[in-house]
Each structure stands twice: as structure tokens, then as C-alpha cells.
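Reading through the C-alpha cells given below for one structure.
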Amino acid sequence: MAIKAVFVPLARTTFYMPSAEESFKNSVNVLKNIFEDIKVPEALITDPADLTAYLDEVDKADLIIYQCTTFIGSEFMYELMRKFKCPVIIWAIREPSIDGTRLKLNSLTGAFSAGNSVYTQDRDFDFVFGNPDEQSVIDEFTKYNKAITLINDLKELVIGVVGNQPAGFGFGAINETDLVGALGSRVVRVEAASIMEKAKSYTSEELAKDLEELNSRTINVNIPQENMEKYARLRKAFQAFVDENKIGALASRCWPDFFTGFGAPVCAVLSMLNDNNIPSSCETDIGGAISMFIGSKLTNTATYFGDPVAIDEACDSIVYWHCGAGASSLANASCGAKLGVHPNRKIGPVMDFGLKAGKVTVLRLGKDKDGYRMFIYKGEALDEPQKFYGTSVTVRPENGNAAAYVKNFVKDGWEPHFVIAYGDIVDEVKIMCNLLKIRVFEY
């Protein structure tokens, strides 16, 4: 959902207006390319009464971009804070010239004045410095757009939860009241037994589309047709649960219920959901599902959910693994998205491949002693062979020294499930957490 941004460019006419007006025009062009829904004035705002009239036209704002196009006093910021409670970015532009002559804009001093006003009111704000055409400025506004869009998406998120956490996996549970208060997300639950009963109700003819989907995305290595049909039944039942409840992320029970009660794993089902933009974790890890949702929204691609199972000293990396629910779209091209059998239960189909290489961000929304906290670090997924049966990825932390990283992770008490997102989304996640008052552990 696109956020509503409001551009507030302010100036005093006693400064050099040709430079201010050029900056205003260029700023509008840049911001319209970043924000899908942004309100801009027809001209620079130079009088508090004009600001009031302009703001009266705004019924909603997710972000205020407050440009001190020249020096301005705090009366403009007080009017803004009176009307809106949303985050503010204070933007100062560069002096047109530093040449021993007139100070033309004095924008930076205006930003100090604005920052002092917001700080004393204990409101969320940030500061950007630079001209509209600078890449660092464009990047900063783009990151804020993504982060606040994500916050709005989290407010609307419905998390589907299938069954409960297995014994000893209570770290995956989340207090639903706290979740609504912190993120706005809500939970819809169904028993694993209900999914299995629904799965049994379909005719063989109704399964063709689900089988075609799996076959078109994977390499079938001799999985018996009976198991493929069981997969298709579960796939259709899970999709019905998703569709009926407008679910945007899912945390599912897997072992032992679906093996003992249905004779099939849910790994490949979760893989297909991940490929279809429904981030889905196993072992009923709700925090993991939210983390996958965050990663997938910021990268526009599927994320991977795995355990940290080994330190590979040969390549100074951490191996993340899981039984076989990795998205088929993340398979390394050298092996493709192969189907296999569950490494412990010996029943298929599950995914059985190593993941592709690339820059990654490893993240995890975890439970803190008094709310939530965020785990995050940059790394590189290496072009390494598959390490174990199931799906796995080998990640070297950006600064190396994988063993020291792992020691810190364990000492800091992190849950044993992590999410690997392809791309660098560290700044966006940090902006999101800052606005949501979530403590960040950046490694």
C-alpha cells in the first residue's frame, strides 16, 4: 500500500530566491519519482498562514518532508507538529556557492532550528543533507518510502497459523495482544487436523493445477505418484485457508502431525507458498513468518527460513539449513530446484537443493524481555555445493570471522531460526525498527 507523503518546502524571501526556487522545482521532480502518492505545493511556502492553508488540504500523512529551502524559524515546525503525528524528515540543501560573498540560503541553520523543535517535542524525525540530484539523497528517501510502506503493510497483515509449536519450540510463539499493539498484525488460527480433513475432500480431478504448478517449477527425482497426490491435496487445502482469510504470511506446524496423520510433509507446500508471495515458515514459528514477510516486502522476492547448523571454516561461513521448504525460485542454477525425500522421515516431496549465491541480509524479529528486538547483519551467500539433504545456504558475514559471529548470536540469546533475504535491506529495517521502537542488534 503506497504511503501518503507531504512535501513542505519553506523559504524566507530575504534570501536568494532564484536558487531556492530552482531547488524547489528539482526537489518536486525527484520526490514524485520516489513516492507514488505525494502532495506538493505549487510554490515555495514563505508565510505561516500559507502553511496553515496548505496543511488544511491534507487529511492524512504518513511522512512529512520538511525542506528548509532557506533559513526559517521554528514557527513553521510548531504548526506542523500541531496537526500531524507522523515521522518528519528535515531536509537541508547545500549552499549554491562558498566563495566569500553572500550567504544565499542558510538552509543548514534552518535544519538545526527545526531539529531542535522536533527533538524537544519527543517526536520521530530524521535528517537528510544534500541537493535533490544527489544519489545519497534519493537513496535516503527511497529507503524511508519502503520502510514506512512496510510498517503500513504490517498493520494490515493477517498471519495464518496452522497448529501449535512442537514441544520445545515455544520460541516460535507470540503473544497476539502484544503483536497487535506493536505491529498491528493479527493472527488467524486453524488446527492441522482441519487442514488434513479439508485435503481429503478433493477429487483427483481438482488436483491437476496444483500438480502442474509443482512439476513446472521443480525437477522430480522419482517421487511416487501417491506422495505427489498427497502433496497436491495439502497444497489446495493450505491455499483455501490463505484465500478465505486474506492471509499475507503463514506459520505452519509440520512434524510430526503431517507425517503421522497424512503420510506426507508440508515442506513443498510451504515452498510453493513462498514462491507465490505468501512468506511461510515451518515449525509454527510466528516470529519467523513475520521476518520472512519483512524480508520479502523489502526485496520483492522470496526469502529463506533456516537453522544455523554449522560453521564452515574452509570458507569462513555459517551454514543455514532446513528440511526442504526453501522457495524453488532460490535454487542454485547449477542444480535446479530438485525434489527429494525428507532427510529424517524419508517421505517426499520436499525441496532438495543448495541456494543461489548473492548479497544477502540475515534477519530475525525476536522476542525481547519487554517487547520485540531485531537481529540483522549483511553477508554473502556463497556459490557452494549443497551441504546437507534438504535445502541449505552458506553465508559469509560481511566482515568474516563467522565463528565469532555465531558466539555472539548464542550469547545474545537469539531464537534458532533465521531469515535470509537476497539484497541489502539493513537500512530499511533499521528505519522501520526505529519508528516502531524495536531494539536493533546489528552484527
> Which residue out of 116, 145 is outside any loop (DSSP other than H, G, I, E, B) and either at pLDDT below 95 or open to solvent by 60 Å² or more (accessible area, probe 1.4 Å) (or both)?
Replying inline: 116
> Which of the following residues is over 29 Å from residue 298 (Cα atoms), among the hydroxyl-bearing types (Ser, Thr, Tyr), in contact (Cβ under 8 Å) with a residue 40 or more places away in the chain and open to solvent by 80 Å² or more (accessible area, probe 1.4 Å): 54, 16?
Replying inline: 16
> With respect to residue 71, is the statement that it is more than 21 Å from residue 133 (Cβ to Cβ), open to solvent by 10 Å² or more (accessible area, probe 1.4 Å) and touching a Gly at 6+ places or on another chain (Cβ under 7 Å) true?
Replying inline: yes
> Has the stretch 113-122 got any residue that is of a type in the set (D, E, K, R) and under 24 Å from residue 73 (Cα atoms)?
Replying inline: yes
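Residues checked against (1) over 19 Å from the mean Cα position of the chain (by Cα); (2) under 30 Å from residue 410 (Cα atoms); (3) hydrophobic (A, V, I, L, M, F, W, C):
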| position | (1), (2), (3) |
| --- | --- |
| 245 | yes, no, no |
| 259 | yes, no, yes |
| 275 | no, no, no |
| 279 | no, yes, no |
| 287 | no, yes, no |
| 299 | no, yes, no |
| 303 | no, yes, no |
| 309 | yes, yes, yes |
> Only one of (1) on the phi > 0 side of the Ramachandran plot; (2) crowded, with 21+ Cβ neighbours inside 10 Å fails for residue 130. Which number is that?
Replying inline: (2)
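Residue-wise test of (1) touching an Asp or Glu at 6+ places or on another chain (Cβ under 8 Å); (2) free of Cβ contacts under 8 Å to residues at least 12 places away in the same chain; (3) open to solvent by less than 10 Å² (accessible area, probe 1.4 Å).
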residue: 9; (1), (2), (3): no, no, yes
residue: 22; (1), (2), (3): no, yes, no
residue: 29; (1), (2), (3): no, no, no
residue: 35; (1), (2), (3): no, no, yes
residue: 47; (1), (2), (3): no, yes, no
residue: 66; (1), (2), (3): no, no, yes
residue: 75; (1), (2), (3): no, no, no
residue: 86; (1), (2), (3): yes, no, no
> Which condition number in (1) under 20 Å from residue 443 (Cα atoms); (2) in a strand (DSSP E or B); (3) among the hydrophobic types (A, V, I, L, M, F, W, C) is the one that residue 339 fails?
Replying inline: (1)
> If the Cβ limit is 7 Å and pairs must be 6+ apart or interchain, which residue in the stretch 357-382 that is at pLDDT below 95 pairs with which residue that is surrounded by fewer than 21 Cβ atoms within 10 Å (Cβ to Cβ) and of a type in the set (Lys, Arg)?
Replying inline: 368/439
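A quick yes/no check of all residues on (1) within 18 Å of the chain's Cα centre (by Cα); (2) open to solvent by less than 50 Å² (accessible area, probe 1.4 Å):
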position: 354; (1), (2): no, yes
position: 363; (1), (2): yes, yes
position: 370; (1), (2): no, no
position: 377; (1), (2): yes, yes
position: 385; (1), (2): no, no
position: 398; (1), (2): no, no
position: 407; (1), (2): no, no
> Among the candidates 14, 52, which residue alone is in a loop (DSSP other than H, G, I, E, B) and either in contact with a strand residue (DSSP E or B) (Cβ under 9 Å, 6 or more places away or on another chain) or over 30 Å from residue 153 (Cβ atoms) (or both)?
Replying inline: 14
> Taking strands (runs of 3 or more DSSP E) that do not extend beyond the stretch 348-417, which have at least 3 residues that are closer than 26 Å to residue 217 by Cβ and in contact with a helix residue (DSSP H, G or I) (Cβ under 9 Å, 6 or more places away or on another chain)?
Replying inline: 391-397
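The values are calculated or read from the model by the stated rules, or taken from the named source; none is laboratory data. Keep in mind the model is a prediction, meaning the values are calculated, not measured. Cβ coordinates were reconstructed from backbone atoms using ideal geometry, including for glycine residues, and neighbour counts include every protein chain displayed. Side chains are part of the model used for accessible areas, which takes the heavy atoms of the whole protein and leaves out ligands, DNA and RNA. Shrake-Rupley method; radii C 1.70, N 1.55, O 1.52, S 1.80 Å.
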